[in-house]
Amino acid sequence: GASALITVGDLTLEETRRQVVERTMERFGAIDLLLNNAGVGLYARSWSAPMDDVRQLMELNFFALLGMIQLVAPHMRNRRSGTIVNVSSIGGKIPLPWATIYSASKYAVTALTEGLRMELRGDGVKTMLACPGYVTTGFQQHVLAGKAPDAVLHARRQAITAAECARAI
């Protein structure tokens, strides 16, 4: 809507993350909700995946998410209010053998969220972990490398839309 605040940038860069938080605080005076949903995939076997791709995936799927939490959590703790929602994946609960590195990054998000819940328990800050299955997005077209197996592509008939996923969260 017209009141939306959009900050364009690369979330793997600390400067971008800081700008997002600073602009939000300037505009709204507080952060009630952090929804970490950025991510990228990689269709490559773990034993042969290019390490540069693995590092790039982990940088966005895990480290950028953690970086946002580290910037926002102090504000929420000071107010004793707020919710941090981290979007993982079904691959963060059950390894996807066609995307093992992606699953590992989402397992890291799952573990972080569960631990964060315990860390923030007494501070008035809630955490939530979302582990959607197949959601119709441009995910397959934007992976770092590789191609989804045919069986994965055929699972689209069981997919939900991004809007349905957002409403469920």
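The values are calculated or read from the model by the stated rules, or taken from the named source; none is laboratory data. Predicted, not measured: the structure shown is a model, and the values here were computed from it. Calculation scope for accessible area: heavy atoms of the full protein, side chains included, ligands and nucleic acids excluded. Shrake-Rupley method; radii C 1.70, N 1.55, O 1.52, S 1.80 Å.
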Potential extension, A166-S46 segment - 0.36 nm per residue separation minus Cα distance: 40.2 nm
Tilt relative to the chain, helix 100-119 - C-alpha long axis, 0 to 90 degrees, to 10: 30
Karplus-derived 3J(HN,Hα), 6.51/-1.76/1.60, for each residue of segment 24-31, Hz, glycine and proline x: 5, 5, 4, 6, 10, x, 6, 10
Accessible area of the chain belonging to carbon and sulfur atoms, whole % at 1.4 Å probe: 56
Reach of K126 by Cα under 13 Å, taken over aspartates and glutamates that are not fewer than 8 positions away in the same chain: D32, E114
Full-stretch length increase - T137, Q56 - with 0.36 nm per residue and alpha-carbon distance subtracted: 27.1 nm
For the chain: accessible area per residue (Å², 1.4 Å): 58
